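See below for the structure under consideration.
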Amino acid sequence: MNKKDLSSFKKILIQKKAELSNAQREVGTDLDTNVGDEIDTASQNSEREMCFEFAANDRITLNTINDALAKIEKGIYGQCEYCNNAISIERLKAISWTRYCIKCQEEIENPRR
Ligand SMILES: [Zn+2]
């Protein structure tokens, strides 16, 4: 991968990281303002659970983005963690923080029996 591609991926990752950090803050604020309102507790609880689930997924993505940024520093960004082959640029453009090449991702999601 050339330096130009690498720095553009770095920019995308940093931007996505900022977006997710902001989203997490918003979810937290929402939950605080809902506390104390007891009218519709049941639906509020499920709403709250959804918020937490969303936040948990975001946290995982955030961690993966941090790992990807660390990989850029180490000079191993764009390499599949499973087979060590290069991940295609097209795939990285779609999901810049992906850990695996498309082949390994499919293998992980649908293991052959
Ligand atoms: Zn792979």
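The values are calculated or read from the model by the stated rules, or taken from the named source; none is laboratory data. What you see is a predicted model; the values in this text were computed from it and never measured. In this analysis, Cβ positions are derived from the backbone assuming ideal geometry, glycine residues included, and neighbour counts consider all displayed protein chains.
For the residues Val27, Val35, the requirement of being under 17 Å from the mean Cα position of the chain (by Cα) and at pLDDT below 75 singles out Val27.
Residues of region 60-113 that are within 16 Å of the ligand (Cβ to nearest atom), assigned to a helix (DSSP H, G or I) and not charged (D, E, K, R): Thr64, Ala68, Ile89, Leu92, Ala94, Ile102, Cys104, Gln105, Ile108.
Considering the conditions (1) under 23 Å from Leu13 (Cα atoms); (2) hydrophobic (A, V, I, L, M, F, W, C); (3) at pLDDT below 80; (4) in a loop (DSSP other than H, G, I, E, B), Phe54 is excluded by exactly one of them, (4).
Of everything in region 66-85 that's polar (S, T, N, Q) and out of contact with any Cys (no Cβ under 8 Å at 6 or more places or on another chain), which residue is surrounded by the fewest Cβ atoms within 10 Å (Cβ to Cβ)? Taking the candidates together, the pick is Asn84. In region 96-113, the residues that are of a type in the set (A, V, I, L, M) and modelled with pLDDT of 95 or more form Cβ pairs under 8 Å with partners that are within 14 Å of the ligand (Cβ to nearest atom) and in a helix (DSSP H, G or I), at six or more places apart or across chains, as follows: Ile102/Arg91.
Contact annotation: residue pairs with Cβ atoms under 9 Å, 6 or more positions apart or on different chains, pairing a residue in region 39-56 that is within 26 Å of Glu19 (Cβ to Cβ) with a partner that is surrounded by 10 or more Cβ atoms within 10 Å (Cβ to Cβ) and at pLDDT 70 or above, are Phe54/Ala23; Ala55/Ala23.
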